[in-house]
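The values are calculated or read from the model by the stated rules, or taken from the named source; none is laboratory data. Since the structure is predicted, the reported quantities are computational estimates derived from the model, not experimental observations. Because the Cβ atoms are built from the backbone with ideal geometry, glycine has one as well, and the counts that use them run over all protein chains shown.
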Amino acid sequence: MMLISRSQEKLDDVARSLEEQFKVETRTIAVDFGRMDIYSKIEEGLADLEIGVLVNNVGVSYPYPEYYLHIPDLENFITNTINVNMTSVCQMTRLVLPKMVERSKGVVLNISSASGMYPVPLLTVYSATKAFVDFFSRGLHEEYRRQGIIIQSVLPFFVVTKMTRIRKPTLDKPTPERYVAAELNTVGLQNQTNGYFPHAVMGWVTTRLVPSSIVIFLGARMNRLQRSGYLHRRKLREQRNGASLKTE
Ligand SMILES: NC(=O)c1ccc[n+]([C@@H]2O[C@H](COP(=O)([O-])OP(=O)(O)OC[C@H]3O[C@@H](n4cnc5c(N)ncnc54)[C@H](OP(=O)(O)O)[C@@H]3O)[C@@H](O)[C@H]2O)c1
């Protein structure tokens, strides 16, 4: 098992728990996928390994839903989001796919998002990068499936993770464990999947039943509400901090 992510400390923790729980040798590479000069380091790290399954999971979203021109530090946000969400998928596939093709065997799971199924206003850059991941995966699947390679586009709705800041799992917002267990059952059966039955129903409703103009309109409304809630909470926090500074 090779884990590639940003923080060495977190990587060490996960590696340790995988080794203890599953008795699998686990190595790590710490890199920032926001950068473009990391792929020779990754290539070196992978040189002596036979990679059977590549999971392109790394991804970043917005700190909160926001209008394009109001995104904080927009210039860096654009570069970082594109590098983490899109460049990583293309470059990791470039490094790993050749040996899979040689062996006529391999699986690549690309984690897109339900936000890539239609434009999601106020998360527009994220949504567009995830649409790219979906198109890239489906195109590549058709190119390589006859050579024994499965390339799957995975499009989850909400899952309880650090990214969503949702704490309480529900039927439509599963834990990562529950989502992944369901998703893995679809590998080899579906090359594009929402990965989890309740999400598949939501995917069907939002793409087949409801006109896309309404889905986009409702998405914008939901995100405008979330944005106002976030900005309101932030203002209250700032006022509280200002008040406590004055009393000190
Ligand atoms: N959660 C959802 O509801 C949901 C829905 C649809 C799609 N997705 C997709 O699922 C994937 C996983 O998301 P998640 O919810 O598990 O997100 P998450 O909890 O924020 O985890 C993202 C992971 O990516 C790493 N990472 C972020 N920026 C990085 C960078 N610049 N360089 C290296 N590593 C970096 C993070 O490392 P650190 O811990 O060091 O930050 C973390 O391990 C993403 O592609 C996301 O777009 C998630």
Point to revise | Filter pass, Tyr39 being more than 8 Å from the ligand (Cβ to nearest atom), in contact (Cβ under 8 Å) with a residue 60 or more places away in the chain, among the hydroxyl-bearing types (Ser, Thr, Tyr) and touching a helix residue (DSSP H, G or I) at 6+ places or on another chain (Cβ under 7 Å) | key: no
Exercise for review: Please list, ordered by first then second residue, the pairs with beta carbon atoms under 6 Å, 6 or more apart or interchain, first in region 96-122 and within 18 Å of Arg138 (Cβ to Cβ) and assigned to a strand (DSSP E or B), second small (Gly, Ala, Ser) and within 16 Å of the ligand (Cβ to nearest atom).
Suggested key: Asn110/Ser137; Asn110/Ser153
Exercise for review: Return yes when Gly45 is closer than 26 Å to Thr129 by Cβ, within 16 Å of the ligand (Cβ to nearest atom) and in a helix (DSSP H, G or I) and no when it is not.
Suggested key: yes
Check your understanding: Of the residues in region 134-169, how many are within 15 Å of the ligand (Cβ to nearest atom), touching a helix residue (DSSP H, G or I) at 6+ places or on another chain (Cβ under 9 Å) and either at pLDDT below 95 or in a loop (DSSP other than H, G, I, E, B) (or both)?
Key -> 8
Practice item. For Gly188, work out the one condition from (1) closer than 24 Å to Pro65 by Cβ; (2) in contact (Cβ under 8 Å) with a residue 24 or more places away in the chain; (3) more than 11 Å from the ligand (Cβ to nearest atom) it doesn't fulfil. Key: (1)
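Residue under question is Gly34, and the condition is that it be touching a residue at least 60 places away in the same chain (Cβ under 8 Å), part of a loop (DSSP other than H, G, I, E, B) and within 9 Å of the ligand (Cβ to nearest atom); does it hold? Reasoning before the result, please.
Numbers: touching a residue at least 60 places away in the same chain (Cβ under 8 Å): no; part of a loop (DSSP other than H, G, I, E, B): yes; within 9 Å of the ligand (Cβ to nearest atom): yes.
For Gly34, the condition - touching a residue at least 60 places away in the same chain (Cβ under 8 Å), part of a loop (DSSP other than H, G, I, E, B) and within 9 Å of the ligand (Cβ to nearest atom) - is not met.
Do we have any residue at all in region 11-28 that's part of a strand (DSSP E or B), within 14 Å of the ligand (Cβ to nearest atom) and of a type in the set (A, V, I, L, M, F, W, C)?
No, region 11-28 contains no residue that is part of a strand (DSSP E or B), within 14 Å of the ligand (Cβ to nearest atom) and of a type in the set (A, V, I, L, M, F, W, C).
Got a sec? Which of Thr175, Thr186 is of a type in the set (Val, Ile, Thr), more than 13 Å from the chain's Cα centre (by Cα) and surrounded by fewer than 17 Cβ atoms within 10 Å (Cβ to Cβ)? Outline the logic, then answer.
Working: Thr186 fails: surrounded by fewer than 17 Cβ atoms within 10 Å (Cβ to Cβ).
When all the criteria are applied, what remains is Thr175.
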Review point. Which condition does Met86 not pass, out of (1) away from the ligand (no atom under 12 Å from the Cβ); (2) touching a helix residue (DSSP H, G or I) at 6+ places or on another chain (Cβ under 9 Å), if it passes all the others?
Key: (1)
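Out of all the residues in region 97-108, which are of a type in the set (A, V, I, L, M) and surrounded by fewer than 22 Cβ atoms within 10 Å (Cβ to Cβ)? It would help to see each step written out before you state the result.
Step one: list which residues in region 97-108 are of a type in the set (A, V, I, L, M), which gives 97, 100-101, 107-108.
Those that are of a type in the set (A, V, I, L, M) and surrounded by fewer than 22 Cβ atoms within 10 Å (Cβ to Cβ): Leu97, Val101, Val107.
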Check your understanding: Filter region 192-237 for residues that are touching a residue at least 12 places away in the same chain (Cβ under 8 Å) and assigned to a loop (DSSP other than H, G, I, E, B); which is surrounded by the most Cβ atoms within 10 Å (Cβ to Cβ)?
Key -> Gly195
Exercise for review: Determine whether region 62-82 contains at least one residue that is in a helix (DSSP H, G or I), farther than 16 Å from Lys130 by Cβ and within 13 Å of the ligand (Cβ to nearest atom).
Suggested key: yes
